[in-house]
Amino acid sequence: MLRKRQSKKRNLLTMVPLLERRVTMVQESSEASFLVIQRTNFVERMTIRFLKQPSVRKIKLDKFGAYAIKQMEFQRNVNQISEAMSEHFGEEAEPALPRLMKFLEILEVHDWIIWDDEEEK
């Protein structure tokens, strides 16, 4: 008989999101924050070279996304980031946890963050 793999259950609230090394955050003014993503794979390098495309992608962040990225730099887990957002923005950030989860999901799909388990430390 085939056995199903026993996957280790992980608690997302205790995991620490970290920006990948090719991704940085730049704050150009008090209101404008951008994620700057280096274009490093082979196809992107060829399009940069031969089609004269930009070497970085700039993604504009809203105030909630910029605050979440700043909290990631302090290596806080998801629960701590959500609580900090609720404290900082108050009712404006509610529902903070589902909003943060969707933001992290988008970052993860594009491989712009990596996860670190706080439980292992």
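Note on the stretch 77-86: among residues that are within 18 Å of TRP115 (Cβ to Cβ) and out of contact with any strand residue (DSSP E or B) (no Cβ under 7 Å at 6 or more places or on another chain), the one that is surrounded by the most Cβ atoms within 10 Å (Cβ to Cβ) is ILE81.
The criterion of at least 2 residues that are more than 17 Å from the chain's Cα centre (by Cα) is met by the following helices (runs of 4 or more DSSP H) wholly inside the stretch 1-95: 42-50, 78-89. For the stretch 20-51, the candidate set comprises residues that are at pLDDT 90 or above and surrounded by fewer than 11 Cβ atoms within 10 Å (Cβ to Cβ); within that set, the residue that is farthest from PHE103 (Cα to Cα) is PHE50.
Only a single item in (1) at pLDDT 90 or above; (2) in a loop (DSSP other than H, G, I, E, B); (3) touching a helix residue (DSSP H, G or I) at 6+ places or on another chain (Cβ under 9 Å) is not met by ASP111, and it is number (3). Restricting attention to the stretch 66-76, the residues that are open to solvent by less than 70 Å² (accessible area, probe 1.4 Å) and within 16 Å of LEU12 (Cβ to Cβ) total 3.
The values are calculated or read from the model by the stated rules, or taken from the named source; none is laboratory data. On a predicted model such as this, the values are computed, not experimentally measured, just so you know. FYI the Cβ positions are ideal-geometry reconstructions off the backbone, even for glycines, and counts take in every protein chain you see. These area figures cover heavy atoms from the full protein model, side chains too; ligands, DNA and RNA do not enter into them. Shrake-Rupley method; radii C 1.70, N 1.55, O 1.52, S 1.80 Å.
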